[in-house]
1. Is one or more of the residues making up the range 136-143 farther than 23 Å from residue 207 by Cβ, touching a Lys or Arg at 6+ places or on another chain (Cβ under 8 Å), buried (at least 18 other Cβ atoms within 10 Å of the Cβ) and aromatic (Phe, Trp, Tyr)?
2. Criterion first (in a helix (DSSP H, G or I) and buried (at least 18 other Cβ atoms within 10 Å of the Cβ)) does residue 105 satisfy it?
3. Here is a check on your reading of the model: is residue 209 assigned to a loop (DSSP other than H, G, I, E, B), hydrophobic (A, V, I, L, M, F, W, C) and either within 18 Å of residue 102 (Cβ to Cβ) or free of Cβ contacts under 8 Å to residues at least 40 places away in the same chain (or both)?
4. Taking the criterion of being at pLDDT below 95 and either open to solvent by less than 10 Å² (accessible area, probe 1.4 Å) or more than 30 Å from residue 285 (Cβ to Cβ) (or both), would at least one residue in the range 187-198 satisfy it?
5. Residue 229 - would you say it is among the basic types (Lys, Arg) and touching a residue at least 40 places away in the same chain (Cβ under 8 Å)?
6. If I filter the range 49-64 for residues that are part of a helix (DSSP H, G or I), in contact (Cβ under 8 Å) with a residue 60 or more places away in the chain, among the polar types (S, T, N, Q) and open to solvent by 10 Å² or more (accessible area, probe 1.4 Å), do I get at least one hit?
7. Which of the residues belonging to the range 205-239 are more than 26 Å from residue 278 (Cβ to Cβ), out of contact with any Ser or Thr (no Cβ under 6 Å at 6 or more places or on another chain) and not β-branched (Val, Ile, Thr)?
8. Condition first: out of contact with any helix residue (DSSP H, G or I) (no Cβ under 8 Å at 6 or more places or on another chain) and assigned to a loop (DSSP other than H, G, I, E, B). Can you find one or more residues in the range 253-265 that meet it?
Amino acid sequence: MKKWILLAAALLLVSAVLSGCGSKASGSGVITMRLAHNQSETHPVHKSLAEFARLTEEKTGGEVKIQLYPNGQLGSEREVIELTQTGAVDVAKVSASALESFSEVYSLFSLPYLFDDRDHYYKVMNSSIVDGIYETTKDIGFRGVTFYDGGSRNFYTKKQAIMHPDDLKGMKIRVQPSATAIKMIELMGGSPTPMSFGEVYTALQQGVIDGSENNETALTDNNHGEVAKEYSYSEHAMVPDILIMNQAIWEELSEEHKKAISAAAKESSAFHKIVWEKSIAKAIKDSKENGVTFSNPDKEPFQKAVEPLHKEFAKKQSTAEYYKRIREASEGE
């Protein structure tokens with residue numbers, strides 16, 4: 001019964017969105033946009049999106065307002081991307097992995113060990129390389145606006161630390177619905193199990209999966225540390241969250257509003273870097289107090305296991321140019 005009530009509530013929310021997104025409030029000249037995402041109000045991403053909303057209103061003199069819809073209220077990441085395409089949702093924060101099935105170039109961000117370290121990651125994410133990627137989806141209804149750090153993705157399991165790819169053999173590991181992430185686990189010897197993020201806790205608890213891979217906040221904000229007690233720093237991926245906006249709505253904005261929203265987005269991304277680092281430190285501290293053990297495996301065996309993926313991305317037409325530019329950026333300028 002509860003399930004149907006929640007479904008009905010979600011449908012009512014979507015119905016409200018369909019009737020009013022992207023339109024000016026009657027007689028006021030104020031543009032109100034709805035922003036959907038799947039994290040809780042305590043998550044650092046939500047705090048950064050709230051800062052984006054605040055900055056947008058401030059920089060537009062109250063002429064553009066952003067309403068936040070957290071906790072997946074308006075649907076899964078794939079669903080809100082589709083709603084953003086049609087203009088039913090104005091803005092959405094989604095993982096770059098979720099964008100992979102809409103634009104193949106986004107699969108780059110799921111490529112394990114694409115970035116050498118965090119300095120390399122930030123250098124690329126704040127460069128014209130990513131600005132070009134944001135533009136690739138204009139023809140299918142939306143554009144990228146900015147990114148939010150999603151940290152490094154690492155393995156966490158119920159019983160056994162993952163110190164070598166061999167440790168993954170026979171283990172069912174949850175991955176995002178990404179062909180690249182699925183292939184990564186296969187190359188490392190595990191059994192990839194794609195599922196939505198909201199299903200992970202129960203799947204771990206019931207033994208449907210043996211582990212997952214994500215940043216440290218999953219242990220605390222989503223309580224995965226209650227059932228998964230081994231966290232292993234494979235640091236196999238740094239997948240950013242991407243803020244996307246409906247293309248038609250973007251084009252309808254005045255140049256002043258575009259500049260203000262772009263500036264607000266960029267500043268909220270910088271704000272997020274600070275919030276994120278504090279949240280990670282707290283997540284580690286709280287998880288240790290909750291009995292989670294943190295391990296630091298040698299990354300070289302993991303990197304060797306996924307070399308075939310790098311060769312594939314270096315040759316594939318949709319990713320070759322961006323792959324080359326991202327890898328070259330690691331060499332310094």
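The values are calculated or read from the model by the stated rules, or taken from the named source; none is laboratory data. Fair warning: this is a prediction, and the values are worked out from it, not measured in the lab. Reconstructed Cβ throughout: ideal geometry from the backbone, glycine too, with neighbour counts over all protein chains shown. Just the protein is used for accessible areas: all its heavy atoms, side chains included, with ligands, DNA and RNA removed. Shrake-Rupley method; radii C 1.70, N 1.55, O 1.52, S 1.80 Å.
1. no
2. Here the answer is yes, as residue 105 does meet what is asked.
3. Yes, satisfied.
4. yes
5. Yes: the conditions hold for residue 229.
6. No, that holds for no residue.
7. 205, 206, 207
8. Checked the range 253-265: at least one residue is out of contact with any helix residue (DSSP H, G or I) (no Cβ under 8 Å at 6 or more places or on another chain) and assigned to a loop (DSSP other than H, G, I, E, B).
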